[in-house]
Amino acid sequence: MVKKDTIWKPSAMKKIEAIIQPFKLNEVKDALKDIGIDGMTVTEVRGHGRQKGHTEVYRGREYQVDLIPKVKLEMVVASERSEEVIGTIVKSAKTGKIGDGKIFVYDLGDAIRIRNDERGDAAL
Amino acid sequence: MKLVRLMAAACAALPLLNAQSQAALEAEIAKLKTAVAAAQTSGDNAWMLTAAALVLMMTGPGLALFYCGLVRRKNVLGTMMHSFIMMAVITLLWAAVGYSLVFGSGNPVIGSFEFAFLKGVGSAPNTDYAPTIPHLTFMVYQMMFAVISPALITGAYAERVKFNALLVYSIGWAFLVYFPVAHMVWGKGGYFNAYLGGAIPVFDFAGGTVVHITTGISALVCALVIGPRNGYPNEPMKPHSLVLSFTGACLLWVGWFGFNAGSALAANGLASSAFVTTHLGSAAGALGWLIAEKIKMGRPSALGAISGSVAGLATVTQGAGFVSPFAGAVYGLAGGLICFYMVAIVKNKFGYDDSLDAFGVHGIGGIIGATLTGVFATNVVNDALKLANGQAAPLGLVDGNSAQIGNQLIGAVVAIAFAVIGSYIALMIAKITCGGLRLDAREESQGMDLAIHGEEGYNLEA
């Protein structure tokens, strides 16, 4: 039931996945809103990179905690905007200390808005 | 008010009575005596019913919360049930035969069936034990001690025991350990009850030997026989919510006033003394543990603070109504420091999995308390024990009775022997009747909540 004028045309989109410090979430969200990015998915995640975890002690027993809480933001943007978005995230999420997180960028095949079958850029 | 009115009436009547018969005066005095006794019963009974309720609150929610916060999330309900089920099972067992086997007059080791199914236990006092409160109040107050005791042990085998095995073991434990030891120390004619015809005096005000030594040692036996949790000690088994444990520990602290001050069995000065002694013990216990932890581990932890307070309380229980209030701080400090050492250092060296440290806290705290009571017990605080000439008997070393430390240790050793042998037999009965003591490996990894009860503690998506 896909309408003819909404049939997919190849268009360049990027998926940006940023893993950041949880306490930086609001700052990053606000900064992205300021540059007109208003769609994203946020997940609470646990993991570690080069930042090692910490030690907890309960009644003398030590526990090495490797997986530390982080927040993952996912968003899809038109390719020409991706550098601007990446720059905004880096600027707003940075503390300069180990554990600030990472950003991964993917080429995206397609995007579909479920409500009205719009595809590609129009669906963003 | 009633009393004041009566006394006023009596005084007003005096000149009149001079002219009247002697009999009328005697009748007035008898009336007055009845009124005084009724007033005392009213006050004592109000406090003792409250104390009984406070001790029940120690099991649920106190201990249930304290323990359930220390286990992993998947075992939270199962762990709470370990405490709660005792409130059901041991309550009925106690009313049926337990009370009679402990407080009925039998031989020096065990009571009799004279009060079985609460026969003859009514609102008239049992003058052997508590002459100012209804026998029923005394019975239900002592019941709460029998309820919390097997619940304390459950900390040793948390997260892996079968539910039916736990029930069989706990009932067997009540018969083989708690009933005889409680009778020996507190029952009429009990071997260690100097007040009611015992041979060797062991001073145990609120259950340092009867409750904490028996449960602590039994906990160690259970941990050794049942074996460690799968994955212990390599897999992380962190407490899932110290917030719950904190709440539980605070309820235990408050409930302990019922446990210790209530053991005066009246709303009197001795109850106040035991109350303050207990409070100082808990406070010093928390500080003792924190100081040891700061020195050994570098940080004073929240779990350390609450563990120390429970250790202090377990330690001070034996002496609460025998020692001067500030001695309570000595008990607490010793309990906090030594229990920390047992739990954080010794346990990890030996590698047994006393999961929630029932042995390290209650067993060790109980033994320290039993010993210290031989030192600090004094007839300045508790003069109930009389010599043949009617004077108060010297109690501990501070009264010049150097033999008492030895007596206390004999009591402790006998309690330990009952706990070891009784627990082992009860475990074997449970093992045979329930086809094993432990959940199978798949159930254990799934967690008690789902595997045993078919529920989850936290349905966050519901």
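Each value in this text was obtained by applying a stated rule to the coordinates, not by laboratory testing. Keep in mind that what you see is a predicted model, and the values were worked out from it rather than measured. Virtual Cβ from ideal backbone geometry, glycine too; neighbours counted across all protein chains shown.
Straight-line cross-link reach from residue B:31 at under 20 Å between alpha-carbon atoms covers these lysines, not counting any fewer than eight positions away in the same chain: B:2. Of all complete DSSP H helices in chain B, those with a Cα span along the helix axis of 30 Å or greater and a mean Kyte-Doolittle hydropathy of -1.0 or more are B:22-57, B:269-297, B:404-434. Considering only B:457, B:324, B:173, and ranking their Cα positions along the charge dipole of the protein assembly as shown that arises from unit charges at the beta-carbon of Lys, Arg, Asp and Glu, the one farthest toward the positive end is B:457. Above 22 angstrom, tally the Cα pairs of region A:11-123 and express them as a % of all pairs, no decimals. Cα-Cα pairs of region A:11-123 separated by over 22 Å account for 42 percent.
Each of residue B:461 and residue B:326 was given a label point 7 Å from its Cα along the Cα-to-Cβ line. The distance between the two points is 6.1 nm. Two decimals is fine: what's Rg over Rh for chain B, C-alpha atoms, Kirkwood radius as Rh? Taking Rg over the Kirkwood Rh, I get 1.03.
Of the trypsin sites (Lys or Arg not before Pro) found in region B:135-221, none is in coil by DSSP with at most 15 other Cβ atoms within 10 Å of its Cβ.
Each of A:47, A:77, A:123 was scored by the projection of its Cα onto the charge dipole of region A:11-123, and the greatest displacement toward the positive side belongs to A:47; charges sit on the C-beta of Lys, Arg, Asp and Glu. For the listed peptides B:449-455, A:106-112, a ranking on the average number of other beta carbons within 10 Å per residue, highest first, reads B:449-455, A:106-112.
The gain in end-to-end length when the residue B:96 to residue B:453 segment is fully stretched comes to 125.7 nm, 0.36 nm per residue minus the alpha carbon separation. Each listed q (0.25 Å⁻¹) maps to a log10 I(q)/I(0) for region B:272-358, found by the Debye formula over equal Cα scatterers with no solvent: -1.05. Under the criterion of Cα pairs below 8 Å and six or more residues apart, the relative contact order for region B:239-280 equals 31 percent. Dipole magnitude for region A:11-123: about 580 debye, using +1 per Lys or Arg Cβ and -1 per Asp or Glu Cβ, origin at the Cα centre. Relative to its residue count, region B:242-304 spans a Cα convex hull of 64 Å³ per residue. Size descriptors for region B:306-406: radius of gyration and Dmax over Cα atoms are 15.6, 54 Å. For the listed residue pairs A:24/A:52; A:33/A:70; A:72/B:162; A:24/B:294; A:52/B:162; A:52/A:91, the alpha carbons are over 31 angstrom apart in A:72/B:162; A:24/B:294; A:52/B:162. Of the trypsin sites (Lys or Arg not before Pro) found in region A:64-106, those that fall in a DSSP loop while having at most 15 other beta-carbon atoms within 10 Å are A:94, A:97. Ranking of B:438, A:113, A:59, B:5 by neighbouring Cβ atoms within 10 Å, starting from the fewest: B:5, A:113, B:438, A:59.
The magnitude of the dipole of chain B, with charges of +1 and -1 set on the Cβ of Lys/Arg and Asp/Glu and taken from the Cα centre, is near 240 debye.
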